[in-house]
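Each value in this text was obtained by applying a stated rule to the coordinates, not by laboratory testing. Fair warning: this is a prediction, and the values are worked out from it, not measured in the lab. Quick reminder, even Gly has a Cβ in these numbers, built from the backbone with ideal geometry, and neighbours come from all protein chains shown.
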Amino acid sequence: MNANQPVIKAENLTKRFGDFIATNAISFEVYKGEIFGFLGANGAGKTTAMRMLCGLSVPSSGTAHIAGFDVYRQTEKIKRNIGYMSQKFSLYEDLTVLENIRFFGGIYGLSDQELRLKSDALIEQLGLQSEAKKLVGELPLGWKQKLAFSVSILHEPTVVFLDEPTGGVDPVTRRQFWALIYEAAGNGITVFVTTHYMDEAEYCHRISIMVDGRIAALGTPKELKAQLNESSMDGVFYQLARGAKNTD
Amino acid sequence: MVSVNNITKTYNKGAVKAVNDVSFSVDEGELFGLIGPDGAGKSSIFRILTTLLLPDTGTAKVAGYDVIKDYRQIRSSVGYMPGRFSLYPDLSIEENLRFFATVFNTTVEQNYHLIEDIYVQIAPFKKRRAGKLSGGMKQKLALCCALIHKPTVLFLDEPTTGVDPVSRKEFWEMLKRLKQQGITIVVSTPYMDEATLCDRIALIQHGRILSINSPQGIVAAYPGRLYAVKARDMPRASRVLSAHTPPINSYLFGEYIHVDGQGMGDRDPIELLNGILTQAGLDSIEVMPVIPTIEDYFIKLLTT
């Protein structure tokens, strides 16, 4: 893959469920090492779009390539080259920290040796040495989420998809989580993230805001605020999402 | 209307202290917020107050009734919307509502005025099964079901978690209207911006209450001054401030970095911050005093 090629490229990507168009001809590009915020109201079509980009749902029309792979024909290759975490699905609560790292690393095809090196490094980086043999279910949510993120990029994917990773997390841990995101992006991993915290929209390099299945705005936080003549991302979001029909 | 005295609740034979010596009271007609992250102990407090969980120690009263002795009276006089969607997924919107009204010996018609504002928004789908509703519609139906027996106190456990900013704003508008009808409301949320919409709030973390005050009172009680910093290269500015010795308490806050003015010595913080950033080669630097928010206060409590 050429370094200047977009890591995610969607063109007129569409998904219909019967008469309902959940994702309506969205087009955008995301580049290597970029933190791309994918915002929108509940019901705007974010999850549907994300499922197509992860190779989990076949588009009705349009095209998309992830890390150069086609979302129609190369879904298995896509799955090997991405990481995924969400507030809902993260780790196995009844496995220990170490077991979770080994399990997910193994699934992503890391060798035993790689796994040993990586799990030690990861546990040290997160300061979880004394928790390594504890069940994940016993960890506070913030730690779980930081661990889940680190596990999702253990296999050094090209892109990591984060679906509301910081929901319900305390304000200090939320910021530590973003420090991890910055580090990953600094190492060249492309980050595709959704959030309902508007201050977090400011931490993204570029963001898109979906309304009723379409991308209503796309740009840097600064550009969007200037375009819509708002002083905060909160204002930008309200202005765009207020008129939505598919809100739930 | 609600009084909680030294309530403690542990799980796993005392290994996990979910609620740790918590006391607070809520006045009649008040909109009271429990503000804190997941795992702070909010849900345990709600479950104790709605008589679904027994405290280890301490006492609590709701609408004049004791949560242990008078659980029957409490159950018929409070409304409770748990954090997890708990209606019957196989019943339609109107069936769920009628079911809850009947269980409480009333009818939908009798108290319709309480839910009308909210119900009209989901009425077009009243034949749809609750399990097939979108998140926002489920939330509105759950609120209707919690209100249909005209409770004196309404307990809402994280009603807006995972809800987008526009729908969250609408939900709080609904709460304001319910408050105007005289219903006492206790609500929890992990979103600090929603705290400002309550009459009074308790900030809670690790089972302990850190502070109880009006939102204005909390902000006014912020010790010292707070500054907002901006530069062209924000990630670098953030790194420079984090790496500074002596340490500076700084953190990202939307498009700015917030810096806690306390512990910065005798020098004017604005001058000092400008100096540090200029010396590090940053440009387009802005430094100005800002009014702290509840989130700033919470961060201060957690980090110092």
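Find the centroid of the Cα atoms in region A:42-96 and in region A:159-197, then give the distance between the two in whole Å.
Using only Cα atoms to place each centre, the spacing works out to 17 Å.
Please give me the summed charge of the neighbours of B:S77: other residues whose Cβ is under 15 Å from its Cβ, Lys and Arg +1, Asp and Glu -1.
+2
Given a Förster distance of 22 Å, report the FRET efficiency between B:R75 and B:S23 from their Cβ-Cβ distance, rounded to the nearest 0.05.
E between B:R75 and B:S23, to the nearest 0.05, is 0.40.
Work out the FRET efficiency for B:T57 and B:F99 from their Cβ-Cβ distance, taking R0 = 35 Å, and round it to the nearest 0.05.
0.45
Please tell me which of these pairs span more than 24 angstrom C-alpha to C-alpha: A:K88/B:K132; A:K79/A:K133; A:K9/B:K230; B:K9/B:K61; A:K225/B:K140?
A:K79/A:K133; A:K9/B:K230; A:K225/B:K140
In whole Hz and in residue order, list the ³J(HN,Hα) couplings for region A:22-37 that follow from phi through the Karplus curve 6.51 cos²θ - 1.76 cosθ + 1.60, θ = phi - 60°; x for Gly and Pro.
Computed from phi, the couplings for region A:22-37 are 6, 10, 10, 6, 8, 9, 6, 10, 10, 10, 4, x, 7, 9, 10, x Hz.
For A:V211, list long-range residues whose amide hydrogen, built 1.01 Å from N in the peptide plane, is under 5 Å from its own amide hydrogen.
Those qualifying (amide H under 5 Å, at least 5 residues apart or on another chain) are A:A216.
So what J values fall out for region B:87-95 if you push phi through Karplus, 6.51 cos²θ - 1.76 cosθ + 1.60 with θ = phi - 60°, rounded to Hz, Gly and Pro as x?
8, 7, x, 8, 9, 6, 3, 6, 5
Starting from the exponent 0.38 and prefactor 2.2 Å, build the expected Rg for the protein assembly as shown from its residue count and divide its actual Cα Rg by it.
In units of the globular-protein estimate, the protein assembly as shown measures up at 1.01.
Search the structure for amide H atoms under 5 Å from the amide H of A:L95, placed 1.01 Å from N in the peptide plane, and list their residues when 5 or more places away or on another chain.
A:V136, A:G137
Report the gain in length on full extension from B:Y88 to B:R208: 0.36 nm times residue separation, minus Cα-Cα distance, nm rounded to one decimal.
Taking B:Y88 through B:R208 to full extension adds about 39.8 nm, to one decimal.
What is the set of long-range amide H partners of A:G83 at a cut-off below 5 Å, with H atoms built 1.01 Å from backbone N?
A:V159, A:V160, A:F161
Through the Karplus equation 6.51 cos²θ - 1.76 cosθ + 1.60, θ set to phi - 60°, convert the phi angles of region B:49-61 into ³J(HN,Hα) values in whole Hz; use x for Gly and Pro.
5, 9, 6, 9, 8, 8, x, 6, 9, x, 10, 8, 10
Report the calculated FRET efficiency for B:R267 and A:Y31 (r = Cβ-Cβ distance, R0 = 41 Å), to the nearest 0.05.
0.45
What net charge is computed for the residues neighbouring B:N20, neighbours being all others with C-beta under 14 Å from the C-beta of B:N20, Lys and Arg scored +1, Asp and Glu -1?
Local charge sum for B:N20: +2.
Using a 10 Å cut-off around each Cβ, can you sort A:D112, B:D199, B:D38, B:D193 from fewest to most neighbouring Cβ atoms?
Ordered from fewest to most neighbouring Cβ atoms within 10 Å, A:D112, B:D199, B:D38, B:D193 come out as A:D112, B:D199, B:D193, B:D38.
With 10 angstrom as the radius, rank B:I270, A:I82, A:I123 by how many other C-beta atoms surround their C-beta, starting from the fewest.
B:I270, A:I123, A:I82
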